[in-house]
Each structure stands twice: as C-alpha cells, then as structure tokens.
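A short worksheet on the structure shown next.
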Protein chains: 2
Amino acid sequence: MRTTERNPLTPAARRVLAVASELFYTRGINTVGMELVAEEAGVTKKTIYDRFGSKQRLVVAYLRGRDERWNDFLTSRVEAHEDPVARILATFDALGEWMDRENERGCAMVNAYAELSDPEHPGRTVAEEQKVRLRELYRELAAETGATDPGALGDTLAMLHEGAVVGRNVTGIADAAATARNAAGALLRAHGVDA
Amino acid sequence: MRTTERNPLTPAARRVLAVASELFYTRGINTVGMELVAEEAGVTKKTIYDRFGSKQRLVVAYLRGRDERWNDFLTSRVEAHEDPVARILATFDALGEWMDRENERGCAMVNAYAELSDPEHPGRTVAEEQKVRLRELYRELAAETGATDPGALGDTLAMLHEGAVVGRNVTGIADAAATARNAAGALLRAHGVDA
DNA sequence: TTGTGAGTATACCGACCGGTGTGTTTACCT
DNA sequence: AGGTAAACACACCGGTCGGTATACTCACAA
C-alpha cells in the first residue's frame, strides 16, 4: 500500500486501475479475479499488490474514481445554470447523457452495494457516501427554489433519480431520464415552485 | 433436475431452498457456496444436486420464490381497494411494510441483476420479468384513473417505487416509502386525477 | 418381500481464488 | 558511476469453488 492519496499513480498502476474499473463494472467485482486484471493490464500480480496492497483497496480505488468522474460531470452540469429550477432539471439531463454513454450496467455504487455483502468492506461506505451526497444536493437545490417542504421534495427527487437508473437498466424504460425530468417538473409545481 | 414445476419439493429440498434463499439474499449469491448451503440445511451436497441439478437452477428457484411471495403480497394489497387512486397508494404502503419486514438488504432482483453479470444466466430474466410486470401494473393502474398520459404516469410511479427501495436501503432515507407515497399523490393530481 | 426414492457419509476432482516470496531487469536521477 | 523505484518473471501457498463418484441406510409401497 505504498500508494497514498496524494502522490500520483505510476503508469502501470494507472493502467491497472483503468482495466480493473472496466472489468469490475462490466463483469462484477466478485466475478473478476486479480489474475485477469493483471493479464488485461499487461502487468504481473506482483505489481498490482505492490501498488494497491489488496483487492479490497483496488476495489475502493475503482469506486472512488468512478464516483469522482460522475460527480465532476454532474457538478459541471448543475453549475452551468443559475436558476435553481434549471439546476434541478439539469441533473436529469446529465443523468440521461451519462446513462447513454457509460451506464449500460446500471449504477456502479448500487451494484457494489449488492456485491459487497460484508458490512466491514470499505467499498460500502463509498457507495453510501455517494448516495447521501446526491440526496443532500437535491435537498439544497430544492431549498433554493423556495419550495414548501424542501426536505421531502429533495428526497423525492433523489428517489426519482435512483429509480430512473433501475428503470432504464433493469426494467428497460428507454426514456427513463426524460420521463423522470418531466416528473421532476410536475413535482416542483406541486411544491409551489414556478417551473 | 428431477424437480419439475408441478410436483412438490421433497422435505430436504424445501429446507435447502429456504436456507439458500436466506443466504443468497443476505450474503449474496456469488459469496455463498453450495457447501455452506448444504451444511446450514443439514443436508449433503449430493442431495442438493440430486434435487436441483446445479447452482444456477437453485438460484433461479430462489428468485422465483421470492418474486412470487412479493407479488402475492402486493396483489392482495392492491385488490383490497376498488378506487384506482387508492390502489396506487396501496402499492406504496405495501412497499413500506415489505421493506420494514424483509428487505434489509434491498431488492433481491436488483441485487441479483448486479451479481449475475453473465447475460446468459437465467436468473437475469426472472429479475427483468419482475420489473416489467411492476411497470405494467403501474401503467394499468394509471390508465384506470383516467389520467392524461397514463403511460408516462405509470413509468414515473414505477421509477419512484424502485427509487424508494434504493433510497431506503443505500441512501438511508428512513421514511422512503411514505415520501414516495406522498409524491405519487402529487403526481396523480398533476396528471389531472382527483387524489 | 423386494424394489424404489430419498437421504446420508465421505472422499475426490480440476480449476480458480487472493496473496506472497525470490530474484532480475529497466530506466531515470543525481 | 551509483542508487533507487518500478516493473518484470515465475513459482508457490492454503483454501474454496462447483460438481461428481461410490457405497450405505432407511421408509414405504406393491
């Protein structure tokens, strides 16, 4: 575990993380062995364990990285607008784009939460934190609109957001994000917001 | 695979299925080995393979059984009401009760979908079918209310339903079902339904 | 009474799992 | 020229995976 948070990854470590992220996401964390990761990254297992220390840590790095990428994307989309209503609607547009681009296997955090049943696994915390952060984002945005009961509105939007991912991925609702966006508008109006 | 759909399970097979269902749900399908299932059921592996043929089939039996239990529960709650609006709201009450009682690890179908990455695994179909059935239920109930655009309303309610499960389980929204129920009422009114 | 189905016990299979140890090569920095 | 970090190759560890084989006991029913 020579790898700390600040100093950058070595080239091989970066390759390992990229490959592992792809494999863990598309085939599942428990299904993918370290030997396969090493092979696909053109690296020996030794190198992986020298850089990451354990599979658990590699999994955490994968989840953190993916969380960060999504969060950066979402934040940039939200901050592109001033009006709080537009900011809320932008989250659903961002979700739709993201799902079209790189979510063909559903939410990585929800999947990891399902796979990592051991309550001690630090990967669970990463997933929980991501969801809590999303909830708080919606609660803050709801408050900015001056809605009546912004807490309930924020929670509702967060649930709609999560439901759109499952709806798109498992249920097969093709336009899930757009439908959720429309619903968000209706919910805003129901909470006394001009939308 | 002597076990077909109609003839009842032998006592040992019933025990195996019960134990496997509990273990698969709480610890995850890939995490639980057949040896553990055998041990916990007080049965030898031989017996399991004589009755179920393979782990894959045991997993499918688990998913089907759980799906059936949930579906029976939900259906009974819906059919207890005449008014379509009451029927819709009843689904969220049912969900809340179910989650309090036996959903401390989230939706078994969504979890299985995350774990079973092999697209050929028949367990995936069970999960997909359950989600599609839920979507169709909401679409039919929405149509019964005479709502404008019952398709979109139904899809929205289905997503809200799924989001409540994730919200409750991962995000930690304690009253997720109640919040979703309130949101469903608002969405109904937004679609021109008296609710 | 003689099968037959259900279940038991135990040993085994090849494959793979996460992880470690030893020693070597490469490349850059001073 | 010497030092150091990174990556290499390769062999190995104990343990578990899903699944199979053999042989035995028991209850019940024709």
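The values are calculated or read from the model by the stated rules, or taken from the named source; none is laboratory data. Here the structure is a predicted model, which is why all the values come from computation and not from measurement. No Cβ is skipped: glycine too gets one built from the backbone with ideal geometry, and neighbour counts run over all protein chains shown. Heavy atoms of the whole protein, side chains included, go into the accessibility calculation; ligands, DNA and RNA do not. Shrake-Rupley method; radii C 1.70, N 1.55, O 1.52, S 1.80 Å.
The accessible area of A:ASP67, taken with all protein chains in place and a 1.4 Å probe, comes to roughly 20 Å². Taking every residue in B:181-191 and counting other chain Cβ atoms within 10 Å of its Cβ, the average works out to 4. Among B:GLY28, B:GLY106, B:ALA158, whose Cα projects farthest towards the positive end of the dipole of chain B, with charges put on the beta-carbon of Lys, Arg (+1) and Asp, Glu (-1)? In chain B, that residue is B:GLY28.
In terms of its C-alpha gyration tensor, region B:115-181 has an oblate overall shape, because the principal axis ratio a/c (a ≥ b ≥ c, square roots of the eigenvalues) is not below 1.5 and a/b does not outweigh b/c. Summed over qualifying helices (DSSP H, 4 residues or more, each -39500 (n - 2.57)) and divided by its residue number, chain A shows a 222 nm mean residue ellipticity of -23500 deg cm²/dmol.
Inter-copy label distances for A:GLU35: 1.8 nm (label point placed 7 Å from Cα along Cα→Cβ; shortest first).
Overall, the accessible surface of region A:1-53 at a probe of 1.4 angstrom is composed of carbon and sulfur to the extent of 52 percent.
Relative to the Cα centre, the charge distribution of region A:1-53, modelled as +1 at Lys and Arg Cβ and -1 at Asp and Glu Cβ, gives a dipole magnitude of about 200 debye.
For A:LYS131, the lysines whose Cα falls under 29 Å of its own Cα, not counting residues fewer than eight places away in the same chain, are A:LYS55, B:LYS131.
Among B:LEU116, B:LEU137, B:LEU153, the largest mean-square fluctuation in a Gaussian network model of chain B (Cα springs under 10 Å) belongs to B:LEU116.
Of all chain A residues, the closest to the A-onto-B rotation axis by Cβ, with that distance in whole Å, is A:GLY163, 1. Rolling a 1.4 Å probe across the protein heavy atoms gives region A:1-53 an accessible surface of 60 Å² per residue. A Gaussian network model of chain B, with springs between Cα atoms under 10 Å, assigns the largest mean-square fluctuation among B:ALA147, B:ALA127, B:ALA177 to B:ALA147. With the cut-off at under 15 Å, measuring from each backbone N in region A:168-183 to a point 7 Å along the Cα-to-Cβ line of B:THR148 picks out A:182-183. Computed from phi, the 3J(HN,Hα) profile of region A:141-157 under the Karplus parametrisation 6.51, -1.76, 1.60 (θ = phi - 60°) reads 4, 4, 5, 4, 6, x, 5, 6, 6, x, x, 5, 4, x, 4, 4, 5 Hz, with x in place of Gly and Pro. A Stokes-Einstein calculation at 25 °C with viscosity 0.890 mPa s, built on the Kirkwood radius of region B:62-190 over Cα pairs, returns a diffusion coefficient of 164 µm²/s.
Decide, for the protein assembly as shown, between rounded, prolate and oblate: order the square roots of the alpha carbon gyration tensor eigenvalues as a ≥ b ≥ c, take rounded if a/c falls under 1.5, and otherwise choose prolate if a/b is larger than b/c, else oblate.
The shape class here is oblate.
Ranking of A:GLU129, B:GLU104 by solvent-accessible surface, largest first: B:GLU104, A:GLU129 (1.4 Å probe, protein heavy atoms only, all chains present). Packing here is the average count of other Cβ atoms within 10 Å per residue, and on that basis the peptides B:45-52, A:165-172, A:17-24, highest first, run A:165-172, A:17-24, B:45-52. May I ask you to evaluate 6.51 cos²θ - 1.76 cosθ + 1.60, the Karplus curve with θ = phi - 60°, for each residue of region B:79-90 and list the ³J(HN,Hα) values in order in whole Hz, giving x for glycine and proline? With coefficients 6.51, -1.76 and 1.60, one gets 6, 6, 10, 9, 4, x, 5, 4, 5, 5, 5, 5 Hz. Solvent-accessible surface, computed for protein heavy atoms with a probe of 1.4 Å, shrinks by 40 Å² or more for the following residues of region B:113-128 when the other protein chains are added to the isolated chain: B:TYR113, B:ALA114, B:GLU115, B:SER117.
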